[in-house]
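K.L.:
This is the structure I have questions about; it appears just below.
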Amino acid sequence: DSFVNMENLSKIYPNGTVALQDVNLSIREGEFLCFVGPSGCGKSTIFKIITGLSGPSGGKLDIFGTTPKEARKQSHTSFVFQDHTLLPWSTVEANVKLPLELRGGISRKVQQEEAERVLELVGLKDYMKVLPRQLSGGMKMRVSIARALISRPKLLLMDEPFGALDEITRQTLQTELLNIWQQDKKMTVLFVTHNVFESVFLSTSVVVMTARPGKISAKIEIPVPFP
Ligand code: ADP
Ligand code: ADP
C-alpha cells in the first residue's frame, strides 16, 4: 500500500518540451528516496508536480490519498532548496517560525516550543537570536532544514540541498539528516542529487532518471545504511 503513487505521469510544457513521459513510481511511507540523473532529466518537474506548484499534463498522481495541492495546503509537504532562501533581516528564530505564522491559528507559545524543538534537532538552539549572515553555509542549511521540519511534514522534498557546501560540511550534514530521519519513522524524504555516492549513502532507494526526457530507468532498493 503506497504513500505516493504515480501512474503514467507526463508533463509537456507549453513550449512543447517533454519533461516527463509515462512515469510510474510508487513510494512507501518512511522511505528515503534519492533521485539521481543528469540535469534536464525532469527531477525538478517531478518535485513541482508533487508539491502542486505545477499540474501534470497526463496520468495520475495520488499522495496519501489526496491531491498535491490539498497536501500542500495542509502543510504535509515541506521543501529545502540548495539556496537556503532565509529572510536576511529576520533572526534564525523568526525564520524558522515563519511556516507556522503563515499557517495562522497557532499560539505564540506553541510556535516558540516548536522553534526550540527543531533548532535543537539541528543543533542550533544557541543561535536563535542571530541573523543568517552571521552563520556559515552549513549552519544556514541547518536553519533551512529546521524551518522545513517545523510543520512536521509527512513528505520532505530536498532539491540538491548540499550542492553548494564543501565536502566536510556536506558529509556532516548527510549524517545529521539521516539521524533526524531515523527519529521520525513516518517522515518520507525525497532527495535530488547529482552525486551518486551521496545517493547511495543516504537513501533506502535510488531512482535513476536518464537523459532521455522524463524516463525513469530503474528504482533500485538499497539496504538501509543504519538499521
Ligand atoms: P532537472 O531538474 O532534472 O534538471 P527539469 O525538470 O528542470 O530537469 O527540466 C526537464 C526538462 O523540461 C528540461 O528539458 C527543461 O529545459 C524543461 N523545462 C523545465 N521547466 C520548463 C518550463 N517551465 N518551460 C519549458 N520547459 C521547461
Ligand atoms: P507550468 O505552470 O507550465 O508548470 P512553471 O511554473 O514550471 O510552468 O514555469 C513557469 C515559467 O518558467 C514557464 O512559463 C517558463 O517560461 C519558465 N521556465 C522555467 N524553466 C524553464 C526552462 N528550463 N525552459 C524554458 N522556460 C522555463
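K.L.:
Among all residue pairs at least 6 apart or on different chains, which show Cβ distances below 9 Å where the first residue, located in segment 27-54, is without any contact (Cβ under 8 Å) to a residue 60 or more places away in the chain and at negative phi and the second is crowded, with 21+ Cβ neighbours inside 10 Å and charged (D, E, K, R)?
P.N.:
I46/K11; K48/K11; I49/K11; S54/K11
K.L.:
Let me ask another. Report, by residue number, each residue of segment 53-72 that is touching a Leu at 6+ places or on another chain (Cβ under 8 Å) and assigned to a strand (DSSP E or B).
P.N.:
Scanning segment 53-72 gives G58, G59, K60, L61, I63.
K.L.:
Do we find a residue being within 16 Å of ligand 2 (Cβ to nearest atom), among the hydrophobic types (A, V, I, L, M, F, W, C) and part of a helix (DSSP H, G or I) anywhere in segment 7-26? Quick ask: steps written out before the conclusion?
P.N.:
First pass over segment 7-26, keeping only residues within 16 Å of ligand 2 (Cβ to nearest atom): 9-21, 23.
If we keep only those that are among the hydrophobic types (A, V, I, L, M, F, W, C) too, we end up with 9, 12, 18-20, 23.
Those left that are additionally part of a helix (DSSP H, G or I): none.
No, that holds for no residue.
K.L.:
Scan segment 58-86 for residues that are within 16 Å of ligand 2 (Cβ to nearest atom) and under 19 Å from E7 (Cα atoms) and report the count.
P.N.:
Of the residues in segment 58-86, 6 are within 16 Å of ligand 2 (Cβ to nearest atom) and under 19 Å from E7 (Cα atoms).
K.L.:
Something else now. List, please: which pairs have Cβ atoms under 7 Å, are six or more places apart or on different chains, and start with a residue in segment 55-73 that is among the acidic types (D, E) and end with one that is surrounded by 13 or more Cβ atoms within 10 Å (Cβ to Cβ) and in a strand (DSSP E or B)?
P.N.:
D62/N5
K.L.:
Please specify each residue of segment 194-227 satisfying the condition of being modelled with pLDDT of 85 or more and assigned to a loop (DSSP other than H, G, I, E, B).
P.N.:
Residues satisfying the conditions are H194, N195, S203, T204.
K.L.:
Can you give me the number of residues within segment 51-76 that are touching a Ser or Thr at 6+ places or on another chain (Cβ under 9 Å) and within 16 Å of ligand 1 (Cβ to nearest atom)?
P.N.:
Summing the residues that are touching a Ser or Thr at 6+ places or on another chain (Cβ under 9 Å) and within 16 Å of ligand 1 (Cβ to nearest atom) in segment 51-76 gives 9.
K.L.:
Another question about this same structure. Would you check which residues across segment 70-89 are farther than 20 Å from L149 by Cβ and surrounded by 13 or more Cβ atoms within 10 Å (Cβ to Cβ) and list them? Spell out how you get there, then give the answer.
P.N.:
Step one: of segment 70-89, the residues farther than 20 Å from L149 by Cβ are 70, 88-89.
Within segment 70-89, E70 is the sole residue that qualifies.
K.L.:
Please work out which residue is nearest to ligand 1 (Cβ to nearest atom), limiting yourself to segment 26-44 and to residues that are modelled with pLDDT of 90 or more and touching a Leu at 6+ places or on another chain (Cβ under 9 Å).
P.N.:
F35
K.L.:
Please state which one of R133, R142 is in contact with a Pro (Cβ under 9 Å, 6 or more places away or on another chain) and basic (K, R). Walk me through how you get there before you give the answer.
P.N.:
Values: R142 fails: in contact with a Pro (Cβ under 9 Å, 6 or more places away or on another chain).
Exactly one of R133, R142 is in contact with a Pro (Cβ under 9 Å, 6 or more places away or on another chain) and basic (K, R), namely R133.
K.L.:
Within 15 Å of ligand 2 (Cβ to nearest atom) and surrounded by fewer than 14 Cβ atoms within 10 Å (Cβ to Cβ): which single residue out of G42, G55 fits that description?
P.N.:
G55
K.L.:
Report whether or not K48 is among the charged types (D, E, K, R), within 15 Å of ligand 1 (Cβ to nearest atom), closer than 22 Å to P161 by Cα and surrounded by 16 or more Cβ atoms within 10 Å (Cβ to Cβ).
P.N.:
Values: among the charged types (D, E, K, R): yes; within 15 Å of ligand 1 (Cβ to nearest atom): yes; closer than 22 Å to P161 by Cα: yes; surrounded by 16 or more Cβ atoms within 10 Å (Cβ to Cβ): yes.
Yes; evaluated as a whole, the condition is true for this residue.
K.L.:
Which members of segment 143-165 meet the condition of being crowded, with 22+ Cβ neighbours inside 10 Å and farther than 18 Å from P68 by Cα?
P.N.:
Correct list: V143, S144, I145, A146, R147, L149, I150, P161, F162.
K.L.:
I would also like to ask the following. Report yes if S10 is surrounded by 15 or more Cβ atoms within 10 Å (Cβ to Cβ), within 15 Å of ligand 1 (Cβ to nearest atom) and hydroxyl-bearing (S, T, Y), otherwise no.
P.N.:
Yes: the conditions hold for S10.
The values are calculated or read from the model by the stated rules, or taken from the named source; none is laboratory data. The shown structure was predicted, so the numbers you read here are calculated from the model rather than taken from an experiment. Cβ coordinates were reconstructed from backbone atoms using ideal geometry, including for glycine residues, and neighbour counts include every protein chain displayed.
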